[in-house]
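Colleague: One structure coming up, written as structure tokens, with questions to follow.
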DNA sequence: TGCTAAATCTCGAAC
DNA sequence: GTTCGAGGTTTAGCA
């Protein structure tokens, strides 16, 4: 069985090329550190002059070029690339090509400091909580998070301008459109809600309330809401997550008790 | 002078911790490969179970956790983090904390396959062409890209709904609002243009044309434009980039000839 | 610092 | 294959 980690330190260009070709054909994760130039052609075009970078090639054919700073890669290619590796004027050149859209990144190393070929096994589950979807599910489960007496009718209702997060009826029988934002709700969110409410009003021909539910509003948005005859309701993502967790454990209890 | 690349292969947790602490305090770029769990708390919450990952820590205090597949990091922290490294039940634990917003990522390695500490020098210039801003500048330089006889008045004009990309007058003296998109223009772009045009009409009290300029339209958007009494003009990002390049070399020629 | 709009956005789902 | 909306979006540009 092959080693999980194979490392070449300061390899010659030829040594690096040999190891790289083998690693690419066996679909390994590859780490390359060295001095390189990068050119991109496709949806846009870019040129990056000589400097030290970290290049990460993954099993699914994605590639990232990282500078020593910044969250985002300076150049990249999404999963599904074809790779070519070769020599070019004493340099190691790697080309990552994809079609649809047709684009390519080519990286030219004049020096390689480190080449690591990795056999990684990762089947770990990933779970993200307190997303906007979680908040929506929480409101459907407990509409009182928005206001007492509210009853949910549908969610993700398709209307012309987009999707209504939660569509409900209040204690007095009026239609309510609820737009949920996980972060600070800005002007765009208010306008989005406005479009939905306008559409429902035109269709339903009765009184329709619009409620923007978010942890907080951006400056000036309260005034915009007032002008548009819409309402704001503070809604905490964490509290929504707790509602979901409670509901899940309740379901579990009922399941155990009932079974 | 210290080595540009320092490597520990399959270090013990204690060895890794020592090297990591030193690397963090000297603000090096750090590559860590190993088996780990990851927890995130902040704007949302996430949990990633055990698996092999590549962790990249940068000079500016950003950190990325990459699985063996996918363009995006599964967990991360933007530049400006504080790092803590320690032992936790025979595991190497790294915590990256930032405030505003308050959030943290903690990574717990039960095994480290590779630790590389890198001294990278990257001063290479990066240039990106054919962005939406390039297209806007090209249209300002040559309004005939949109239509003959068009004259630009202002750009990035502030109006209530946002910023008008290019504000112009056509050959017959009518006001023209131009909205530019670099990619496929969808429904949202048409509605955005509509809002701008409505606003200008209300303000200027005269005939106002709205032109959506983009390489192509999403399906159904042409019909929407027609309903809203707006126009579409095909505009190629690459052609815009060429216009700019031509203009730049012309300026250079004039400069050389004149000087 | 807060807010707005763009991105080689990416990613996923729905049509 | 497109299109559309969300993202722990990030990033750049301004008020």
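Colleague: Spot the failing condition for residue B:39; the list is (1) within 26 Å of residue A:237 (Cα to Cα); (2) more than 13 Å from DNA strand C (Cβ to nearest atom); (3) modelled with pLDDT of 95 or more; (4) facing another protein chain (nearest Cβ under 10 Å), and only one is missed.
Modeller: Failing condition for residue B:39: (4).
Colleague: Looking at (1) more than 7 Å from chain A (Cβ to nearest Cβ); (2) at pLDDT below 95; (3) crowded, with 16+ Cβ neighbours inside 10 Å, which is the only condition residue B:44 fails?
Modeller: So residue B:44 meets the others, but not (1).
Colleague: For residues that are more than 16 Å from DNA strand C (Cβ to nearest atom) and part of a loop (DSSP other than H, G, I, E, B), scanning just the range A:148-161, find the one that is farthest from the other protein chains (Cβ to nearest Cβ).
Modeller: In this case the residue turns out to be A:149.
Colleague: Additional query: Quick check on my filter: what residues within the range B:192-224 are touching a residue at least 24 places away in the same chain (Cβ under 8 Å) and within 12 Å of DNA strand D (Cβ to nearest atom)?
Modeller: Of everything in the range B:192-224, those that are touching a residue at least 24 places away in the same chain (Cβ under 8 Å) and within 12 Å of DNA strand D (Cβ to nearest atom) turn out to be B:192, B:214, B:215, B:216, B:217, B:218, B:220, B:221, B:224.
Colleague: Quickly run through the range B:83-114 and pick out the residues that are part of a strand (DSSP E or B) and touching a helix residue (DSSP H, G or I) at 6+ places or on another chain (Cβ under 8 Å).
Modeller: Within the range B:83-114, B:83, B:85, B:86, B:87, B:91, B:92, B:94, B:109, B:112 qualify.
Colleague: Further, regarding this structure: Suppose we keep only residues that are within 14 Å of another protein chain (Cβ to nearest Cβ), without any contact (Cβ under 8 Å) to a residue 40 or more places away in the chain and farther than 15 Å from residue B:41 by Cα within the range B:76-123. Which one would you say is nearest to DNA strand C (Cβ to nearest atom)?
Modeller: By that ranking, first place goes to B:80.
Colleague: Which condition breaks for residue A:144 when tested against (1) closer than 30 Å to residue B:56 by Cβ; (2) away from chain B (no Cβ under 14 Å); (3) away from DNA strand C (no atom under 16 Å from the Cβ)?
Modeller: (1)
Colleague: What strands (runs of 3 or more DSSP E) completely inside the range A:162-238 contain at least 3 residues that are surrounded by 16 or more Cβ atoms within 10 Å (Cβ to Cβ), away from DNA strand C (no atom under 16 Å from the Cβ) and on the phi < 0 side of the Ramachandran plot?
Modeller: Qualifying strands (runs of 3 or more DSSP E): A:162-169, A:175-180, A:208-214.
Colleague: Listed residues B:120, B:48; which is away from DNA strand D (no atom under 16 Å from the Cβ) and closer than 26 Å to residue A:76 by Cβ?
Modeller: Exactly one of B:120, B:48 is away from DNA strand D (no atom under 16 Å from the Cβ) and closer than 26 Å to residue A:76 by Cβ, namely B:120.
Colleague: Next question, about the same structure. Being within 28 Å of the chain's Cα centre (by Cα), within 14 Å of another protein chain (Cβ to nearest Cβ), assigned to a loop (DSSP other than H, G, I, E, B) and under 30 Å from residue A:58 (Cα atoms) is the requirement here; does residue A:127 meet it?
Modeller: For residue A:127, the condition - within 28 Å of the chain's Cα centre (by Cα), within 14 Å of another protein chain (Cβ to nearest Cβ), assigned to a loop (DSSP other than H, G, I, E, B) and under 30 Å from residue A:58 (Cα atoms) - is not met.
Colleague: Then there is this: In the range B:47-66, what residues are facing another protein chain (nearest Cβ under 7 Å), farther than 15 Å from residue B:31 by Cβ and either crowded, with 19+ Cβ neighbours inside 10 Å or within 20 Å of the chain's Cα centre (by Cα) (or both)?
Modeller: Listed by number, the residues that qualify are B:48, B:51, B:60.
Colleague: Exactly one condition in (1) within 24 Å of residue B:9 (Cβ to Cβ); (2) within 10 Å of DNA strand D (Cβ to nearest atom) is false for residue B:33; which is it?
Modeller: Here residue B:33 meets the rest and fails (2).
The values are calculated or read from the model by the stated rules, or taken from the named source; none is laboratory data. Just so it is clear, the structure is predicted and the values come from calculations on it, not from any experiment. Every residue, glycine among them, receives a Cβ derived from its backbone with ideal geometry; neighbour counts consider all protein chains shown.
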